[in-house]
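The values are calculated or read from the model by the stated rules, or taken from the named source; none is laboratory data. No experiment lies behind these values; they were computed from the predicted model shown. Neighbour counts are summed over all protein chains in view; Cβ atoms, including those assigned to glycine, are modelled from backbone coordinates with ideal geometry.
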Amino acid sequence: MIAFSGISKQYGRQILFVDAAFQLNPGEKVGLVGPNGAGKTTIFRMITGEEQPDEGDVSVPRRMSIGYFRQDVEEMSGRSVLDEAIAGSGRLGALHHELEALQQAMSDPDRAGEMETILARFGEVQEEYDHLGGYALESRTREILHGLGFEDDRIDGDVGALSGGWKMRVAMARVLLANPDVLLMDEPTNHLDIESIIWLESFLKQRQGALLMTSHDRDFMNRIVSKIAEIDGGEITMYSGNYDFYERERAIREANREAAYARQQAMLAKEQRFIERFAAHAAKAAQVQSRVKALEKIEKIELPKKRRVVKFEFRPPARSGEQVVTLEAVTKAYGRRVVHDGLNLLVRRGERWAVMGKNGAGKSTLLKMIAGAVPPDHGAVKMGASLKMGYFAQQALDVLDPDLTVEEQLKQDFPHESIGVLRNLAGAFQFSGDDVDKKIRALSGGEKTRLVMARMLLDPPNFLVLDEPTNHLDLATKEMLLDSLKDFEGTMIFVSHDRAFLRGLSNRVLELGGETGTDTQPHLYPGTYDEYVARTGHEAPGIHN
């Protein structure tokens, strides 16, 4: 059991915790929630011993093993993906690599004089390795890496050749492979596609050890955790249930507290009127003094802290033609790998296409061809009449000027808009107060995503092409964006790994690659994402419920 008792912590003037308490019991799966900067990462770092509280105690049993998946990944190079995953997986990984080194030593003629010592050590290591299940280690590592989206050629390839997002998956594989008593996970779904998210969901549900995690994926949290620990205003409050239960229960507690506050304020006002009325009456002096003392002893109820969510009314876009985009016999290949072969697709006004497909099925390539960012090798992509397109991809973040502040960027983009409108827009996308004065070069990936989406939606296009628009967005911003796009009157085609987004927006599903991911003929489903799941029996291609 991990226990926090009377914890206080602050950085300069920023107070994170005041006399806070929290407990993580064996086998519990707990979601850690709270506004950005509330102290979620600090909780993780205090459990691992990287930080200490200013006051109070953090109790972690000495023999308890802890695995921590975090967002910053150290440099990886010089090994295969398989070896890198094994190397960081704790005691078993260390024994695995020592066995390999001892086997090389046994075949080295220059070390013949040390053979007796080498053989003795080999026997000790081999016995412990076997006892811990080491001979199943490689197959277990491959199974985890496959689950996280790696193909065999990549597993055996150089880890140094991977992008940052794929290195994050290797770091996650290490932690899962170590199978610690307590698993700490900071935003584990950030760099995963929907197939890997669903695999990880299943893995964590079946796992026996304790789990404490943060996540901006509502479905993921709902399906895994049975408790929520909320950090707010320096306190940690526990809720028994998943994320949806927490939201409902929090709203009930807020309403009850507001009612209690109103009742107490009415009572205090009544008592105050009595005191003021009879303060000068000698006959009532004892009663007045008694009531003054009683008021001083009353513990005042405070109003619950409201999380301010700015609503922004997005303008309706101009009407486009009936046929928005037509793809005729489109073919696209990268070297020998054919991604699309004779693809035909008609997108009509008002349709909202969710594009599904395994890694490599060509989802982003399709959106790039529609947006005009990449030409097809053969065939034609024809745009309809009166179209104004808005294209969002991770590369769209590069259109921002790093030397401007958030407010300066918006003023530059919309010189004829009032400061009030621009501030409202910034607030709707969680830029409030001093945030608008931040330089764009200092913004996180999530903040840049919010700013790009804000710029796109102030003067809305009538055709949105969105490639993973929710990457790095927190739950509050995701839900604001989802609510806004539900009311969007134009046409949309999008790729997303967020099931709430897929469920809330789609009225058509385009599945690329089929079950294998290599089928070059698409499957079209005229209906919502929920209808697609019911019809196919899976939440994503190749993943069966």
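Brief remarks follow.
- Going through (1) under 30 Å from Ala120 (Cα atoms); (2) surrounded by fewer than 17 Cβ atoms within 10 Å (Cβ to Cβ); (3) of a type in the set (S, T, N, Q) one by one, Ser89 falls short only on (2).
- Filter pass, Pro317 being within 30 Å of Gly390 (Cα to Cα) and not small (Gly, Ala, Ser): yes
- Meets criteria (in contact with a helix residue (DSSP H, G or I) (Cβ under 7 Å, 6 or more places away or on another chain), hydrophobic (A, V, I, L, M, F, W, C) and over 22 Å from Thr536 (Cα atoms)) for Val338: no
- Close contacts from the range 478-497, counting a first residue that is without any contact (Cβ under 8 Å) to a residue 40 or more places away in the chain and a second that is among the basic types (Lys, Arg), with Cβ to Cβ under 6 Å and a gap of 6+ residues or different chains, come to none at all.
- Total residues in the range 42-64 satisfying the condition of being touching a residue at least 60 places away in the same chain (Cβ under 8 Å) and either exposed (fewer than 14 other Cβ atoms within 10 Å of the Cβ) or in contact with a Ser or Thr (Cβ under 6 Å, 6 or more places away or on another chain) (or both): the figure is 1.
- Members of the range 153-207 that are more than 17 Å from Gly31 (Cβ to Cβ), touching a residue at least 24 places away in the same chain (Cβ under 8 Å) and acidic (Asp, Glu): Asp156, Asp158, Asp181, Asp193, Glu195
Condition check ((1) crowded, with 17+ Cβ neighbours inside 10 Å; (2) modelled with pLDDT under 90; (3) outside any helix (DSSP H, G or I); (4) in contact with a Leu (Cβ under 9 Å, 6 or more places away or on another chain)) across all residues:
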| site | (1), (2), (3), (4) |
| --- | --- |
| Ala112 | no, yes, no, no |
| Leu119 | no, yes, no, yes |
| Val125 | yes, yes, no, yes |
| Leu176 | yes, no, no, yes |
| Leu184 | yes, no, yes, yes |
| Leu200 | yes, no, no, yes |
| Phe203 | no, no, no, yes |
| Asp219 | yes, no, no, no |
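- Consider the range 45-90 and keep the residues that are assigned to a helix (DSSP H, G or I) and within 23 Å of Trp166 (Cα to Cα). The one that is modelled with the lowest pLDDT is Ala87.
- Hits in the range 470-513 - residues which are in a loop (DSSP other than H, G, I, E, B), under 25 Å from Leu327 (Cα atoms) and either touching a Pro at 6+ places or on another chain (Cβ under 6 Å) or at pLDDT 90 or above (or both): Glu489, Gly490, Ser496, His497, Ser506, Asn507
- Among the residues of the range 92-110, the one identified as surrounded by 18 or more Cβ atoms within 10 Å (Cβ to Cβ) and of a type in the set (Gly, Ala, Ser) is Gly93.
- Scan the range 250-301 for residues that are of a type in the set (Val, Ile, Thr), over 30 Å from Val33 (Cβ atoms) and assigned to a helix (DSSP H, G or I) and the total you get is 3.
- Check on Ser196, of a type in the set (S, T, N, Q) and either buried (at least 20 other Cβ atoms within 10 Å of the Cβ) or in a strand (DSSP E or B) (or both): yes
- Residue that is farthest from Ile493 (Cα to Cα), among those in the range 304-352 that are modelled with pLDDT of 90 or more, of a type in the set (Lys, Arg) and part of a loop (DSSP other than H, G, I, E, B): Arg319
- Of the helices (runs of 4 or more DSSP H) entirely within the range 363-444, those holding at least 2 residues that are over 13 Å from Arg455 (Cα atoms) and in the same structural domain as Glu468 (by TED's automatic domain parsing) occupy 363-371, 419-428.
- Filtering Gly12, Gly39 for residues that are farther than 30 Å from Arg142 by Cβ, loosely packed, with under 13 Cβ neighbours inside 10 Å, of a type in the set (Gly, Ala, Ser) and modelled with pLDDT under 95 leaves a single hit, Gly12.
- Taking the range 413-438 as the range and being loosely packed, with under 14 Cβ neighbours inside 10 Å and free of Cβ contacts under 8 Å to residues at least 60 places away in the same chain as the test, the residues that pass are Pro415, His416, Ser418, Ile419, Gly420, Gly433, Asp434, Asp437.
- One residue stands out among those in the range 514-545 that are of a type in the set (D, E, K, R) and in a loop (DSSP other than H, G, I, E, B): the one that is modelled with the lowest pLDDT, which is Glu515.
- Residues (charged (D, E, K, R), more than 25 Å from the chain's Cα centre (by Cα) and outside any loop (DSSP other than H, G, I, E, B)) located in the range 10-39: Asp19
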